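The values are calculated or read from the model by the stated rules, or taken from the named source; none is laboratory data. These numbers were taken from a predicted model, which means no experiment stands behind them. Here the Cβ is made from the backbone with ideal geometry for all residues, glycine too, and neighbour counts use every protein chain on show. What goes into the accessible areas is simple: the full protein's heavy atoms, side chains included, and nothing from ligands, DNA or RNA. Shrake-Rupley method; radii C 1.70, N 1.55, O 1.52, S 1.80 Å.
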Amino acid sequence: MVEGPRVLSADSDEQARLEPNVGPAPEGNPEFHPYHHPAAGWGAAKSVTRFLVREGALVDGPRAIMRMNHENTGFDCPGCAWPDDTKGLHLDICENGIKHVTWEMTSKRVGREFFAAHSVTELSGWSDYDLENQGRLTEPMVYDPDTDHYVPVSWKDAFEVVGRALRELDNPNQASFYTSGRLGNEATFLYQLMARELGTNNLPDCSNMCHEASGRALHASLGTGKGTVDLQDWETADALFILGVNAASNAPRMLTALAEAYHRGAQIVHINPLVEAAATRTIVPHDFTDMALFKTTRTSTLNLQPRIGGDMALLRGMAKAVLDQADSDPKALDREFIDRHTAGFEEYRALCEGTSWDEIEHQSGLSRADVLKAARVYGEAARSIVSWCLGISQHEHGVDTVREIVNLLLLRGNLGREGAGPSPVRGHSNVQGNRTCGIDHRPEDEFLDRLAEVCGIEPPREHGLDTVHTVKAMHSGDVKVFVGMGGNFALAAPDTPYTYAALRNCDLTVQVSTKLNRSHVVHGRQALILPCLGRTEKDHQRKGIQSTSVEDSMSMVHLSIGMKRPASSHLLSEPAIIAGMARAALPDSATPWDWYIEDYDRIRDTMAQVLDGFEDFNRRVRLPLGFRIKQPARELVFLTPSGRAEFSTAVLPDVVPAPGTLALGTMRSHDQWNTTIYSDNDRYRGVKNLRTLVFMNRGDMRERGIADMGPVDITSTAKDGSQRSLSGYLAIPYDIPRGCAAGYMPEMNVLCALSDYSTQSDQPIMKHVKVTIGPAA
Ligand SMILES: Nc1nc2c(c(=O)[nH]1)N[C@H]1C(S)=C(S)[C@@H](COP(=O)(O)OP(=O)(O)OC[C@H]3O[C@@H](n4cnc5c(=O)[nH]c(N)nc54)[C@H](O)[C@@H]3O)O[C@H]1N2
Ligand SMILES: Nc1nc2c(c(=O)[nH]1)N[C@H]1C(S)=C(S)[C@@H](COP(=O)(O)OP(=O)(O)OC[C@H]3O[C@@H](n4cnc5c(=O)[nH]c(N)nc54)[C@H](O)[C@@H]3O)O[C@H]1N2
Ligand SMILES: [Mo]
């Protein structure tokens, strides 16, 4: 593994400034060998050990990991949002969670000497891997334009830089406050309070790129923005449908649930253009006997590979089959449920009848026989759960597709009872809690009313900017101050060069971070790096060690308490940083910012008064497993206009690529966390030492004269006709349907036009980029 920086080998400085170069230098030649081993198990154990050694965390790492995800005594895994196992050994951890924690606990540090030694222009030439790999940030830094270096600044002065910039704005809507889904609930609440007290709802978050579509769809159909099932439901379902998620890499703890489901005889249907590792077999990593005996468990009973974007047609086909079946077998439908709890059934039935099998086959890319296989599983199961992630949401018609999932569930009353319902797999560990606690650019009036009453502020009523529109507004100069509470906005957002230009056009960019990343070197005229405590670290405040709370994918809220000594004595907690900025920006504020920071129980007491479902917050969050936020839809209470669950009736979109073009999905490798790349390997897909790749169907490669592992150029065409390209990528022949291609984010954000967002959710279309691919020129 390289330790020194790798300078980008771009043709020009300008290109180096514009194109991300994310991964580490390859250890060797690119390799591709299809993977035939089970997911998790010993491959994962080996990979973890190598990683602990590399990060110098061999002692602290394992000790911390034993404290992870314990009932209210440890810290919450800062990785994904899969809920914690509530029984057994409490060893509910995974390879990627361990990597994630270890990455935060690294013994490497990036201090003032580092910034003195390297100018920002020099650092912009480093790969993203090398930036993050310098270790933990240790003290606040401010950009000095005269020397082009970051220099140390006191916290007080740093807050004053932010305060002055915000006070001097003509209008509070010239600032935008981004959240990445790591932020705990208490910090989240203070952050939105600061923005709204200032007078703006410009609260973009990573959810705008992630599950915005799911939230909007569930809201429209069921009157709740969240899934309705919990882990116990997963343990009692007869059929699990898993759509558009690479669970073995991105929600590895789901493997345990799948293996248990298989053992009890449940049907497990994976729907994904790629047969991912979770759709094969696993060795349950915390089952020591299985590990010792190399005993594998199947995690799938049926795999279907629709074309990219073909899910809605498949779901419509399944619904059509269920309705056909009902002609001869009335039990195929749950008529009582439909009559009592839903609206719009007859219209939906007519729509299904009017959709031809030809169209379903053409749009899904699956044969009628295959669609019927999935329909049969669904029809025979008394209790079904449908689970999904980005393969469903990051599409033009993401909202319609999630609503189609709900349509299908409603037909057989798969809602509001054990073992049944919709179950989106959320991304970041607290992305769901962020929304619950007020990060929303389109807040509801009732929430603002309560915020006004309890906190004594006058929150703005006008909707704010989301991620895409924040980039646009920075680009045009309408937003002048950007604050990033975590995350790596420069690389996570689409249209990399455009987003870079937008950030560089700001008067001030502020990044609250744990590690150095691209968003620090792509900055505004003034720039601050504010380093914060990580979730694994002890948070000392006046009234003692503080805890924060988080909400998982299944609406469980529990405490997280750090146990490690902070990476540096100069770090502040995220709540303290927010309070510092708020005091400086709002000198006349009546909000007791400092008093809140002394004891987070005080923040929670206020939250209990503002937020639905948080009554008695401080007591309930300290129950052994925390508490579950009420889910009205789960109780068959639908906060929709009709007071019922609403069928939707969208016609099938045309997702079939035009002749000569392909639909490209951007996704994660096994060895990365969003914009953080751990290595150039993608173990379960059989790739080593390579990220600049594109997975293609062999037929599509042959047709274009592309050799196996041959270099290609990729050109995307946006809705507005503009083109973007990447060159020198290697084509990997892969088991993926004709007309489809896939490669890695964030590199491929270069191909995603900012203007190509879904008209249904404003979410960037990251899974259906229209491209042409040919041999490299
Ligand atoms: N280790 C690790 N864990 C993570 C993350 C990480 O980067 N690393 N990121 C976290 C975050 S923020 C999120 S949002 C989640 C993301 O979790 P995922 O949704 O698994 O993320 P992606 O890697 O984008 O994978 C998308 C999956 O959808 C499939 N797919 C693509 N297009 C389609 C389609 O049209 N239909 C169907 N049915 N499938 C399709 C792809 O083949 C791939 O399996 O993971 C979270 N967990
Ligand atoms: N093309 C394409 N683009 C995508 C996606 C895709 O599938 N395709 N997926 C989208 C999705 S789903 C998401 S969620 C976004 C992710 O977007 P972000 O959430 O913005 O990005 P991350 O890579 O998760 O952020 C990593 C950085 O977070 C900081 N960090 C880590 N831990 C902490 C902490 O505890 N506190 C603070 N303050 N900072 C911390 C570190 O400095 C690290 O460098 O990317 C989106 N972009
Ligand atoms: Mo995400």
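What pairs in LYS515/LYS688; LYS99/LYS538; LYS226/LYS373; LYS99/LYS564 have C-alpha atoms more than 22 Å from each other? The pairs that break the limit, which is 22 Å between Cα atoms, are LYS515/LYS688; LYS226/LYS373. Projecting the Cα atoms of GLY223, VAL322, ASN272 onto the dipole axis of the range 212-424, where Lys and Arg carry +1 and Asp and Glu carry -1 at the beta carbon, places ASN272 farthest toward the positive end.
Proximity of backbone amide H atoms, modeled 1.01 Å from N, is registered between LEU274 and no other residue at under 5 Å, excluding neighbours fewer than 5 places apart on the same chain. When only the Cβ of Lys, Arg, Asp and Glu is charged (+1, +1, -1, -1), the dipole of the range 170-308 relative to its Cα centre reaches about 380 debye. Taking packing as the residue-averaged number of other Cβ atoms within 10 angstrom, the listed peptides 469-475, 109-115 run from highest to lowest as 469-475, 109-115. If you take all other residues with their beta carbon under 12 Å from the beta carbon of SER519, and give Lys and Arg +1 and Asp and Glu -1, the sum is +1. Close amide H partners of ASP144, meaning residues 5 or more places away or on another chain with modelled amide H under 5 Å apart, are HIS149, TYR150, VAL151. Under 5 Å from the amide H of MET696 lie the amide H atoms of ILE732, TYR734, each residue being 5 or more positions distant or on a separate chain, with H modelled from the backbone and absent for Pro and chain starts. If you filter the range 606-697 for trypsin sites (Lys or Arg not before Pro), then keep DSSP loop positions with at most 15 other Cβ within 10 Å, what is left? The qualifying sites are ARG622, LYS630. Taken over the range 212-424, the alpha-carbon convex hull comes to 113 cubic angstrom per residue.
Over all orientations, the chain has a Cα convex hull whose mean projected area works out to 30.0 square nanometres.
Under the criterion of Cα pairs below 8 Å and six or more residues apart, the relative contact order for the chain equals 21 percent.
Set against the 2.2 N^0.38 Å expectation for a compact globular protein, the range 397-453 has a Cα radius of gyration ratio of 1.50. Taking a ≥ b ≥ c as the square roots of the Cα gyration tensor eigenvalues, the range 531-579 comes out prolate, since a/c reaches at least 1.5 and a/b is larger than b/c. Max-minus-min Cα coordinates of the range 578-657 on each principal axis give 53, 37, 27 Å, with the largest extent listed first.
Can you compute the charge dipole magnitude of the range 185-256 about its Cα centre, using +1 on each Lys and Arg Cβ and -1 on each Asp and Glu Cβ, nothing else charged? Give it in debye, rounded to the nearest 20. In total the dipole reaches around 200 debye. Rounded to the nearest whole Hz, the Karplus-based 3J(HN,Hα) values (6.51 cos²θ - 1.76 cosθ + 1.60, θ = phi - 60°) of the range 497-508 follow the sequence x, 5, 5, 4, 4, 5, 5, 5, 8, 7, 6, 8, with x at glycine and proline. Each Lys and Arg adds +1 at its Cβ and each Asp and Glu adds -1 at its Cβ; summed about the Cα centre, the chain shows a dipole of about 1540 debye. Sorted largest first by accessible area at a 1.4 angstrom probe radius, with every protein chain in place, the residues TRP155, TRP595, TRP126 fall in the order TRP595, TRP155, TRP126.
Candidates HIS670, HIS397, GLY484 compared by Cα position along the dipole of the chain: farthest toward the positive end lies HIS670, with charges placed on Cβ. Taking 21 Å as the straight-line reach from the Cα of LYS295, the lysines in range (excluding those fewer than 8 positions away in the same chain) are LYS46. The calculated Kirkwood hydrodynamic radius for the range 357-418 is 13.0 Å, given to one decimal from all distinct C-alpha pairs.
Per-residue extension of 0.36 nm, minus the Cα-Cα distance of THR649 and ARG417, leaves a gain of 81.1 nm for this segment. With K and R counted +1 and D and E -1, the other residues having a Cβ less than 11 Å from that of HIS118 yield a net charge of -4. Ordered from longest to shortest, the equivalent ellipsoid semi-axes for the range 134-245 are 40, 20, 13 Å, each the square root of 5 times a Cα gyration tensor eigenvalue.
Selection among PRO711, VAL406, GLN511 by position relative to the dipole of the chain gives PRO711 as farthest towards the positive end (Cβ unit charges, Cα centre). Helix-only arithmetic for the chain: the sum of -39500 (n - 2.57) across DSSP H runs with n ≥ 4, divided by the residue total, places the mean residue ellipticity at 222 nm at -10000 deg cm²/dmol.
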